Amino acid sequence: MDLRAPLLRFDSVICRFGEVTAVGASGAGVSCAIAAGSFVALVGASGSGKSTLLKTVNTLVSPSEGRVLFGGEDVAGLPPARLRRRVGYVFQSIGLFPHFSVAENIAIGPRLTGDKLPPARIAELLALVELDPALASRMPDELSGGQRQRVGVARALAGEPELLIMDEPFGALDPLTRAALGNTVRELHTRLGLTTVMVTHDMAEALLLADRVLVMDKGALVADATPQALLAGAGGAVAQRLVAVPREQAERLAAMESLGEGSGEERG
């Protein structure tokens with residue numbers, strides 16, 4: 001049991017869009033608390049409701065029923081500019097403004113609240129995400145996909161948020177870039193003392209990066225466990241089907257490696 005105070009709480013959250021119930025399809029709503037300082041992965045198949053639930057945190061989606069509490073306050077009653085300064089958001093599609101420079105993209109959040117980021121702070125943020133500060137003057141189309149997503153992370157950190165939320169942040173990246181950026185985000189989480197919630201459909205990524213994994217299925221929260229517990233068989237049938245994918249891949253790779261070693265010995 002995590003004894004740290006919850007920074008974020010979902011309290012019987014239900015999200016309906018017409019006749020479709022995207023979150024809380026069981027009728028009970030989704031309820032859980034996320035402790036300050038934790039790194040939580042929200043996992044599930046496409047259409048399970050995980051991205052919709054995440055978007056209730058920064059009010060991009062309003063619950064049809066229930067509440068989302070951030071620091072003990074209902075997000076529905078917080079001024080949007082103040083809320084979004086305290087919550088950094090990394091998009092799946094990166095979402096950089098194509099006609100703004102890297103520096104202007106990073107500074108957009110603070111600028112909307114009347115603050116101006118000095119060049120030294122821009123350089124510091126670029127260095128945090130392992131980019132050359134000289135890239136500040138570049139345009140987004142001059143960067144690789146991985147560099148653009150790192151700029152997206154720097155932008156999310158520009159307001160010194162308490163909470164970092166990420167919606168499939170590495171989905172469009174190649175495997176090597178994805179792994180490297182995942183490690184960077186995990187290191188920043190620890191170094192900056194963040195609370196992080198990441199939506200992903202990749203259970204291997206969730207197991208490797210998170211302290212706690214929440215599994216959604218058909219709009220319901222069906223498992224809440226540590227990576228170690230999930231690997232030991234906890235979490236129920238839906239969670240174990242997701243765990244089985246990377247486990248089976250690892251076993252097949254190990255078998256291929258073993259066959260290769262055997263062939264080499266025979267040739268010797």
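The values are calculated or read from the model by the stated rules, or taken from the named source; none is laboratory data. Source: prediction; values computed, not measured. Positions of Cβ are backbone-derived with ideal geometry, glycine not excepted, and every protein chain shown enters the neighbour counts.
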Scope region 23-46; condition among the small types (Gly, Ala, Ser) and within 30 Å of Leu188 (Cβ to Cβ); matching residues: Ser31, Ala33, Ala35, Ala36, Gly37, Ser38, Ala41, Gly44, Ala45, Ser46
Test: Leu7 is among the hydrophobic types (A, V, I, L, M, F, W, C) and in contact with a Gly (Cβ under 8 Å, 6 or more places away or on another chain): yes
Please verify whether region 51-63 includes one or more residues that are in contact with a Gly (Cβ under 9 Å, 6 or more places away or on another chain), over 25 Å from Ile106 (Cα atoms) and not in a helix (DSSP H, G or I). yes
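Would you point out which residue out of Leu112, Leu60, Leu128 is buried (at least 17 other Cβ atoms within 10 Å of the Cβ) and either touching a residue at least 60 places away in the same chain (Cβ under 8 Å) or not acidic (Asp, Glu) (or both)? Please lay out each step first, then the result.
On the way: Leu112 fails: buried (at least 17 other Cβ atoms within 10 Å of the Cβ); Leu60 fails: buried (at least 17 other Cβ atoms within 10 Å of the Cβ).
Step by step, each of Leu112, Leu60, Leu128 is checked, and only Leu128 is buried (at least 17 other Cβ atoms within 10 Å of the Cβ) and either touching a residue at least 60 places away in the same chain (Cβ under 8 Å) or not acidic (Asp, Glu) (or both).
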Gly219 touching a Ser or Thr at 6+ places or on another chain (Cβ under 9 Å), surrounded by 14 or more Cβ atoms within 10 Å (Cβ to Cβ) and under 24 Å from Cys15 (Cβ atoms): yes
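Show me the helices (runs of 4 or more DSSP H) entirely contained within region 101-212 in which 1 or more residues are of a type outside the set (Lys, Arg), at pLDDT below 90 and within 19 Å of the chain's Cα centre (by Cα). I'd like the intermediate steps shown before the answer.
Numbers: elements: 102-112, 119-128, 145-157, 175-192, 203-209.
Filter on region 101-212 gives 102-112, 145-157, 175-192.
Does Arg191 count as under 18 Å from Ala36 (Cα atoms), in contact with a strand residue (DSSP E or B) (Cβ under 6 Å, 6 or more places away or on another chain) and surrounded by fewer than 22 Cβ atoms within 10 Å (Cβ to Cβ)?
no
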From the list Arg138, Arg150, pick out the single residue that is of a type in the set (Lys, Arg) and closer than 29 Å to Thr59 by Cβ. Arg150
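Among the residues in region 199-216, are any among the small types (Gly, Ala, Ser) and surrounded by fewer than 19 Cβ atoms within 10 Å (Cβ to Cβ)?
From region 199-216, those among the small types (Gly, Ala, Ser) are 204, 206, 210; that's our starting set.
When the remaining residues are screened for being surrounded by fewer than 19 Cβ atoms within 10 Å (Cβ to Cβ), the result is 204.
Checked against the condition, which is being among the small types (Gly, Ala, Ser) and surrounded by fewer than 19 Cβ atoms within 10 Å (Cβ to Cβ), region 199-216 yields at least one hit.
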Log entry, pairs with first residue in region 1-26 being modelled with pLDDT of 95 or more, second being surrounded by 13 or more Cβ atoms within 10 Å (Cβ to Cβ) and basic (Lys, Arg), beta carbons closer than 7 Å, six or more apart or on different chains, reads Asp11/Arg67
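Looking only at region 213-246, count every residue that is assigned to a helix (DSSP H, G or I) and either within 22 Å of Gly27 (Cβ to Cβ) or β-branched (Val, Ile, Thr) (or both) and tell me the total. Break it down into steps so the answer makes sense when it comes.
Of all residues in region 213-246, those assigned to a helix (DSSP H, G or I) come to 227-231, 236-246.
If we keep only those that are either within 22 Å of Gly27 (Cβ to Cβ) or β-branched (Val, Ile, Thr) (or both) as well, we get 236-239, 243, 245.
So the count comes out to 6.
Taking Ala45 as the residue in question, decide whether it is in a strand (DSSP E or B) and closer than 13 Å to Gly219 by Cβ.
Details: in a strand (DSSP E or B): no; closer than 13 Å to Gly219 by Cβ: yes.
In short, no.
For residues in region 159-173 being under 14 Å from His189 (Cα atoms) and among the aliphatic types (A, V, I, L, M), which is surrounded by the fewest Cβ atoms within 10 Å (Cβ to Cβ)?
Here is the first cut: in region 159-173, the ones under 14 Å from His189 (Cα atoms) are 160-166.
Filter again for among the aliphatic types (A, V, I, L, M), leaving 163-166.
Working: Leu163: 21, Leu164: 23, Ile165: 23, Met166: 23.
Checked region 159-173; the qualifying residue surrounded by the fewest Cβ atoms within 10 Å (Cβ to Cβ) is Leu163.
Yes/no matrix, rows are residues, columns are (1) basic (Lys, Arg); (2) surrounded by fewer than 20 Cβ atoms within 10 Å (Cβ to Cβ); (3) within 21 Å of the chain's Cα centre (by Cα):
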position	(1), (2), (3)
Ala28	no, yes, no
Cys32	no, yes, yes
Val40	no, no, yes
Val43	no, no, yes
Val68	no, no, yes
Gly72	no, yes, no
Val75	no, no, yes
Leu78	no, yes, no
Arg86	yes, yes, yes
